[in-house]
Amino acid sequence: MTDPIDRSRLAPGFWKTKPLSRMSRHEWEALCDGCGKCCLNKLEDEDSGDISLTRVACRLLDLDTCHCSNYANRHSYVPECIVLRPGELERHLSWMPETCAYRLVHEGRPLPDWHPLVSGDPESVHRAGISLRGRMVSESEVAEDDWEDYIIDEPT
């Protein structure tokens, strides 16, 4: 399968030496591992503030590739879609997947061997069982009142 993320013309290991705040847009976008987790709907417990991950995906997420089907125009269709930016990661850490490259680099941890920037293969995230390929349903198929029935533990 073709990688929808352009990972060409990047310095090897750039994420090890370059702070997130100094990355180009190309480098920033290449950090995405294509797991699909950030595009899953989350539920927040009103009392505790705990956030639960569901396997109910945004209607724009391609369930086979685990990439947005209309990334460039996603805010026209999903205004609440979050845009991650280096200076705003702290406020998003509560819901970000433990395996997320943005989180790992922010916390000074290495990227795992299955990450496409390390493996050189966009399918490695799927083979490692990190992505949600084959385990998601589209939000267009599930009533919001039923999302609690789809709560999952994050695959790591």
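In debye, nearest 20, what is the charge dipole magnitude of the stretch 68-142 about its Cα centre with +1 on Lys and Arg Cβ and -1 on Asp and Glu Cβ, if you could check?
40 debye
Would you kindly calculate the mean projected area, averaged across all directions, of the convex hull enclosing the Cα atoms of the stretch 17-84, in square nanometres?
6.1 nm²
Dipole of the chain, Cα-centred, from +1 at each Lys and Arg C-beta and -1 at each Asp and Glu C-beta, to the nearest 20 debye?
1160 debye
Take the Cα atoms of the stretch 77-154, build their convex hull, and give its volume per residue in Å³.
For the stretch 77-154, the hull spanned by Cα atoms encloses 143 Å³ per residue.
Residue-wise, which Karplus ³J(HN,Hα) couplings in Hz belong to the stretch 139-147, taking 6.51 cos²θ - 1.76 cosθ + 1.60, θ = phi - 60°, and x for glycine or proline?
4, 6, 9, 10, 5, 4, 5, 9, 4
So, R0 is 30 Å and r is the distance between the beta-carbons of GLU80 and ASP3; what FRET efficiency does that work out to, to 0.05?
After rounding, the FRET efficiency stands at 0.65.
Between ASP64 and ALA143, what is the label-to-label distance in nm when each label sits 7 Å out along the Cα-to-Cβ direction?
3.1 nm
What are the residues whose amide H is under 5 Å from the amide H of ALA57, where those residues sit 5 or more places off or on another chain and H is modelled from the backbone?
Long-range HN contacts for ALA57: ASN41, VAL137, SER138, GLU139.
Leaving out ligands, DNA and RNA, and with a 1.4 Å probe, what % of the accessible surface on the chain is carbon or sulfur?
Reported share for carbon and sulfur atoms: 46 percent.
Along the Cα→Cβ direction, 7 angstrom out, place labels at LEU43 and SER24. What is the inter-label distance in nm?
4.4 nm
For ASP62, enumerate residues with amide H under 5 Å from its amide H, sequence gap 5+ or separate chain, H modeled in the peptide plane.
HIS67, CYS68, SER69
If you count only protein heavy atoms with a 1.4 Å probe, what accessible area per residue comes out for the stretch 87-152, rounded to a whole Å²?
54 Å²
What is the log10 of I(q)/I(0) for the stretch 6-156, computed with the Debye formula using one identical point scatterer on each Cα and no solvent, at q = 0.11, 0.16 Å⁻¹?
-0.43, -0.93
The values are calculated or read from the model by the stated rules, or taken from the named source; none is laboratory data. Computed from a prediction, not measured in an experiment: that's the story for all the values here. Glycine also receives a Cβ, built like all others from the backbone with ideal geometry; neighbour counts cover every protein chain displayed. Protein only, heavy atoms only, side chains kept; ligands, DNA and RNA dropped before computing areas. Shrake-Rupley method; radii C 1.70, N 1.55, O 1.52, S 1.80 Å.
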